[in-house]
Amino acid sequence: MSKQNKADGGAPFGGYHAGFSVLVGRPNAGKSTLTNALVGKKVAITSAKPQTTRHTIRGIVHREDAQLILVDTPGLHRPRTLLGKRLNDLVADTLAEVDAIGFCLPANEKIGPGDRFIAAQLAAVGRKPIIALVTKADLVDRQALTEQLLAVAALGREVLGEEGWKDIVPVSATDGFQVGTVADVLISHMPPSPPLYPDGELTDEPEAVMVAELIREAALEGVRDELPHSLAVVVDEIVPREGRAEDNQLLDVRVNLYVERPSQKAIIIGKGGSRLREVGTNARKGIEALLGTRIYLDLHVKVAKDWQRDPKQLVKLGF
């Protein structure tokens, strides 16, 4: 379709806008939770543990006159492993391709070296609109929020010059405060375009990736701090159970969870397999909602020694 197609009042594409926006920020800045709130459905895993996002999940916001495709990335950080470097490279590649950038800074934490590191990275991207999103606004009172907004504005002037950020928006994904405003602001920076995805589609991630992410989320609940960086989930197969009646379908979902050490395997499995059963129970609900049918979830835990530092293992595990 030509970009000169002016179907409505001379406006390209009937005044419709569509494009890509990335949410960046240090680990645990609220990016995944905000993505889910904007889309209105869980498309990105959330966890109290930092660095839980491993893939760029695209969530799609549909409006009558616009479509906003949100790219949720791993948190930018100073990498300590080969995996960490690859995650940072993933973010850099994404920044180069989007139409606007949302920089998430939590309202309840002072601006620190990690935020300044990311701000400097964003300043080097070039002439892309950067919107500062002050997340977790529900966790502070009005005075503290005002002080954080002023500090965020000062950071923008520091790294970008007097113009600073294109916009600054306080938001709470938890209670919905200004989630719609965030969508409005990001959409305002999208180019004229026809819709890029079919109406009603919420993500372009393959189902197997979504299933793996739901299992990682369940497995990360309530475990020791070192485990999030050492856990990888690979879906082996999703196949219909043979011989089932049309009105009583069942999918067999076979999944391997990889950790780096036998001690971590013991943590995931738990005493007598209790923790792994709990992971399966919690993940099954989300997977059945995603796939729209009942499932049998078969989980196995395996040790892949030091996989975060092994190039061959990283490829095998999908990184």
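The values are calculated or read from the model by the stated rules, or taken from the named source; none is laboratory data. None of the values given here were measured: they were computed from a predicted structure. Neighbour counts are summed over all protein chains in view; Cβ atoms, including those assigned to glycine, are modelled from backbone coordinates with ideal geometry.
If I filter segment 239-250 for residues that are closer than 20 Å to GLU217 by Cβ and modelled with pLDDT under 90, do I get at least one hit? No, the conditions are met nowhere in segment 239-250. Of the residues making up segment 144-201, those that are at positive phi and without any contact (Cβ under 8 Å) to a residue 24 or more places away in the chain are GLY161, GLY164. Checking ALA151, ALA137 one by one, the residue that is under 20 Å from VAL182 (Cα atoms), surrounded by 12 or more Cβ atoms within 10 Å (Cβ to Cβ) and in contact with a helix residue (DSSP H, G or I) (Cβ under 6 Å, 6 or more places away or on another chain) is ALA137 and no other. Looking across GLU163, GLU109, GLU97, one residue alone is loosely packed, with under 13 Cβ neighbours inside 10 Å, of a type in the set (D, E, K, R), assigned by TED's automatic domain parsing to the domain that holds ILE69 and touching a helix residue (DSSP H, G or I) at 6+ places or on another chain (Cβ under 9 Å). It is GLU163. Annotation: of all residues in segment 275-286 being at pLDDT 90 or above and surrounded by fewer than 15 Cβ atoms within 10 Å (Cβ to Cβ), the one that is farthest from GLN313 (Cα to Cα) is THR281.
Of the residues screened, PRO198 is not one that is modelled with pLDDT of 85 or more, surrounded by fewer than 19 Cβ atoms within 10 Å (Cβ to Cβ) and not assigned by TED's automatic domain parsing to the domain that holds ILE130.
Checking the condition without any contact (Cβ under 8 Å) to a residue 24 or more places away in the chain, closer than 16 Å to VAL24 by Cα and of a type outside the set (S, T, N, Q), which residue from GLY102, GLY126 passes?
GLY126
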